[in-house]
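**Student:** Right, I'll just put the structure down here and ask away after.
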């Protein structure tokens, strides 16, 4: 493997959803600086959404660790986790990221950046979720299909 291939592989390992959350958040912050749109109590709602996102993310990661499977994207999960927070969303950590982004936009008075939230969700679906779903379907077949039939991708 030459240096270029090693660098490409290293960059792929670094390109994780939190990096994309940071990119979308930075754009939102910039919008809030350029064209702020303050609304009453937005800070409180924003902090609530950020807190909710952190709790959901922590619960989901803990469930996956307890199930002895990975929560790191692009790694083959060893087990299908369907209970707890995963009974509400097939992708609670990504959902938590969307809550965090929404909360930050409210805190930063960046309401004009609200379209970043569905754009972030679409990007994460394209970049990570579809591939993960294919891996899980290949590994867990009918059990995963039944899970998909009763639990939505996001919420």
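The values are calculated or read from the model by the stated rules, or taken from the named source; none is laboratory data. All figures in this text were calculated on a predicted structure; none of them were measured in a lab. Note: ideal-geometry Cβ built from the backbone for every residue, glycine included; neighbour counts use all protein chains shown.
**Student:** Taking the conditions exactly as written (in a helix (DSSP H, G or I), surrounded by fewer than 16 Cβ atoms within 10 Å (Cβ to Cβ) and under 15 Å from the mean Cα position of the chain (by Cα)), does residue 50 satisfy them or not? Step through it out loud before you land on a result.
**Tutor:** On the way: in a helix (DSSP H, G or I): yes; surrounded by fewer than 16 Cβ atoms within 10 Å (Cβ to Cβ): no; under 15 Å from the mean Cα position of the chain (by Cα): yes.
For residue 50, the condition - in a helix (DSSP H, G or I), surrounded by fewer than 16 Cβ atoms within 10 Å (Cβ to Cβ) and under 15 Å from the mean Cα position of the chain (by Cα) - is not met.
**Student:** Suppose the filter is part of a helix (DSSP H, G or I), surrounded by 13 or more Cβ atoms within 10 Å (Cβ to Cβ), out of contact with any strand residue (DSSP E or B) (no Cβ under 9 Å at 6 or more places or on another chain) and without any contact (Cβ under 8 Å) to a residue 24 or more places away in the chain; does residue 23 pass it? First the steps, then the outcome.
**Tutor:** Values: part of a helix (DSSP H, G or I): yes; surrounded by 13 or more Cβ atoms within 10 Å (Cβ to Cβ): yes; out of contact with any strand residue (DSSP E or B) (no Cβ under 9 Å at 6 or more places or on another chain): yes; without any contact (Cβ under 8 Å) to a residue 24 or more places away in the chain: yes.
The answer is yes for residue 23.
**Student:** Could we say that residue 40 is out of contact with any helix residue (DSSP H, G or I) (no Cβ under 9 Å at 6 or more places or on another chain) and modelled with pLDDT of 95 or more here?
**Tutor:** On the way: out of contact with any helix residue (DSSP H, G or I) (no Cβ under 9 Å at 6 or more places or on another chain): yes; modelled with pLDDT of 95 or more: yes.
Yes, satisfied.
**Student:** Further question: Quick one: residue 11 ticks every box in (1) under 23 Å from residue 127 (Cα atoms); (2) surrounded by 11 or more Cβ atoms within 10 Å (Cβ to Cβ); (3) over 14 Å from the mean Cα position of the chain (by Cα) bar one, so which box is it?
**Tutor:** (2)
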